[in-house]
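Q: My questions all concern the structure below.
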Amino acid sequence: MNLKKYFVRALHRLQKGPGYTYKELLVWYCDNTNTHGPKRIIKEGPKKKLIWFFLTLLFASLVFWQWGILINTYLSYNVTSSLSIGFKTMQFPAVTVCNANPFKYSEVKHLLKELDRLIEAALERILQPTPGNSSENISPPLDLDLWHQIPLVLIDEHDKDNPIILDIFESNQSPAGNETTAGNQTTTDTPALCPQCSHQGSENCTYRNFTSAAQAVTEWYILQSTSILSKVPLQERIRMGYQAEDMILACLYGAEPCNYKNFTQIYHPDHGNCYIFNWGMDEEALNSSNPGAEFGLKLILDISQQDYIPYLSSAAGARLMLHQQKSFPFLKDQGIYAMAGTETSIGVLVDELERMGYPYSDCTMNGSDVPVKNLYSQYNTSYSIQACLRSCFQNHMIEICGCGHYMFPLPDGVNHCNNEDNPGWAYCYSSLRSSIRHRQICIDSCKETCNDTQYKMTISMADWPSEASEDWIFHILSYERDMSTNVTLDRNGIIKLNIYFQEYNYRTISESAATTIVWLLSSLGGQFGFWMGGSVLCLIEFGEIIIDSLWITIINVIGWCKGLKQKRAQARYPDVPPTVSELVEAHTNLGFQHEDGGTLPRDEALPPEPGTPPPNYDSLRVQPLDVLGPDSDAE
């Protein structure tokens, strides 16, 4: 009840404001506002009034237009980048070293025996194509099941209008039909193609075109070896790779000696066993005491090039990468090669990137807000966009192909793809890899990290060891590794690495908001003051007139509702209801009605004279006349 009284009083106070009509309110505002222009409209003559009205409307439009631009600029959340240079003692980066060859050929030869015989026979037919040359002449016969699962063919394009597909191990020839997606060629030679089909004998095939048979053979061998090695248990694959004690011959960090025990071993699908120095997983990361080559990491590696797989690894050397602690090394994308028989010096400069988060950029701090399941979390590594993209691709492949690719980690309960259990996996993988839609889904789902550290490298190389010193160096290294007086090493397998900070200066590239709320308010006020001579108080006055307009509207609506209600009542009762005096007069003039339906005369209905005994009304039952009609009781 008190709330209702308070509301009514407030309404009455507001009704006592500048006026009860919009015109009165507008005139009152123009006469009392501190904004320039409206006062001149009501005080000047007719001509000047029109001029000032036009100028006020024009400048008010300019103010709102400028305000729209400023607000839109603020809501775009632009950033500015600033570069600052600092000097401090820095953590030495994590260094990952791998062999370019993932496995020792002597350890995996029994697994790849049939595949090697098949590729050797295929190379003979590519180099010496003769009619009738088939696999039946080879003893023992080749295992063509591997070939039929992912065949390698040639396309004869001497007649570009009618290209012919040549199966290397078949004497028949077939024209390239519509199912062949070979693409355009710019050469008249016979290019090699590597087709993948959804299943054996299917015409639904994808042909990957190569301008050189060397590229086609390498790609074909990688696909076939991937299928074979995916069925080998992880521990067995680790055993078949290069061990740390055989690969890392010497280590020195600054003035402190180190050895292979200071490295953390991980298995990398592309490069086999890899070893990480200063990863920071089990121990605290090392700091660099001083810049310069004398205070960095020095390594001597043996890559054992004589034990390379001939058709799998066409490059020889060590693959290395510098990265942050507790981050997974993606050497295939970010690593560099160190050539055998050389001393490679790598000078490092540090760039620190600091990005602003939402709403200024779509970056993430730790990947918790990324909708993609990070499959590399099993290594206990930090989030990176490379891990996200590969995890996204692997998740799509598991969903579409029913198995996971050998090169990426697997979630629980899923197996790697192979030709026996998944005959059409190569076709599915090739289609998915070339799908722009799936690639765009992964790009949209993954986010960059807000804070990142990049290592810029300056690389220089020299032959090592020199011809004058190679004899005694190889003798010492051979003796230290094999305890043998014979030389078991040569320059085709030896690599020396020097990794160090060039200087302690580091660059920080940080983002800051280009527009802030202070900038927005000052810009809005500047435009309002320049065009209209207004201030914040003028905006409050404008808000006041809007509130008064709303209350006038409410009062008008209430009055309209009351008038509508009265009109409805008049429509229900078209005749004007009688007054009280009219009812009394009608009752007096008409008298009373007898119980038998008759009406007493007017003089009999008059009251008796004073002193006259009252009449006997026991036999009479009187009731008032129905003057108002039959509907009066309802009212």
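The values are calculated or read from the model by the stated rules, or taken from the named source; none is laboratory data. No experiment lies behind these values; they were computed from the predicted model shown. Every residue, glycine among them, receives a Cβ derived from its backbone with ideal geometry; neighbour counts consider all protein chains shown. Heads up: the accessible areas ignore ligands, DNA and RNA and are worked out on the full protein's heavy atoms, side chains in. Shrake-Rupley method; radii C 1.70, N 1.55, O 1.52, S 1.80 Å.
Q: For the stretch 396-414: of the residues being free of Cβ contacts under 8 Å to residues at least 40 places away in the same chain and open to solvent by 40 Å² or more (accessible area, probe 1.4 Å), which is nearest to His148 (Cα to Cα)?
A: Applying the filter and picking the extreme gives Gly402.
Q: Would you check if Tyr479 is hydroxyl-bearing (Ser, Thr, Tyr) and touching a Gly at 6+ places or on another chain (Cβ under 6 Å)?
A: no
Q: Select from the stretch 466-521 the residues that are in a strand (DSSP E or B) and open to solvent by 70 Å² or more (accessible area, probe 1.4 Å) and list them in ascending order.
A: Gln502, Glu503, Arg507
Q: Now for a separate question. Which residues, taken from the stretch 522-538, are within 44 Å of the chain's Cα centre (by Cα) and either open to solvent by 80 Å² or more (accessible area, probe 1.4 Å) or touching a residue at least 24 places away in the same chain (Cβ under 8 Å) (or both)?
A: If the condition is that a residue be within 44 Å of the chain's Cα centre (by Cα) and either open to solvent by 80 Å² or more (accessible area, probe 1.4 Å) or touching a residue at least 24 places away in the same chain (Cβ under 8 Å) (or both), then Ser523, Leu524, Gln527, Phe528, Phe530, Trp531, Ser535, Val536 are the ones that fit.
Q: Shifting gears a bit: Does Gly241 meet the test of being open to solvent by less than 70 Å² (accessible area, probe 1.4 Å), closer than 18 Å to Gln91 by Cα and touching a strand residue (DSSP E or B) at 6+ places or on another chain (Cβ under 8 Å)?
A: no
Q: For Gly86, work out the one condition from (1) modelled with pLDDT of 90 or more; (2) touching a strand residue (DSSP E or B) at 6+ places or on another chain (Cβ under 9 Å); (3) of a type outside the set (Val, Ile, Thr) it doesn't fulfil.
A: That leaves (1) as the condition not met.
Q: Scan the stretch 354-393 residue by residue and report those that are under 23 Å from Ser288 (Cβ atoms) and open to solvent by 30 Å² or more (accessible area, probe 1.4 Å).
A: Within the stretch 354-393, Glu354, Ser382 meet the criteria.
Q: Then there's this: Scan (1) assigned to a strand (DSSP E or B); (2) among the small types (Gly, Ala, Ser); (3) free of Cβ contacts under 8 Å to residues at least 24 places away in the same chain for the single condition Ser345 breaks and write down its number.
A: For Ser345, the failing item is (3).
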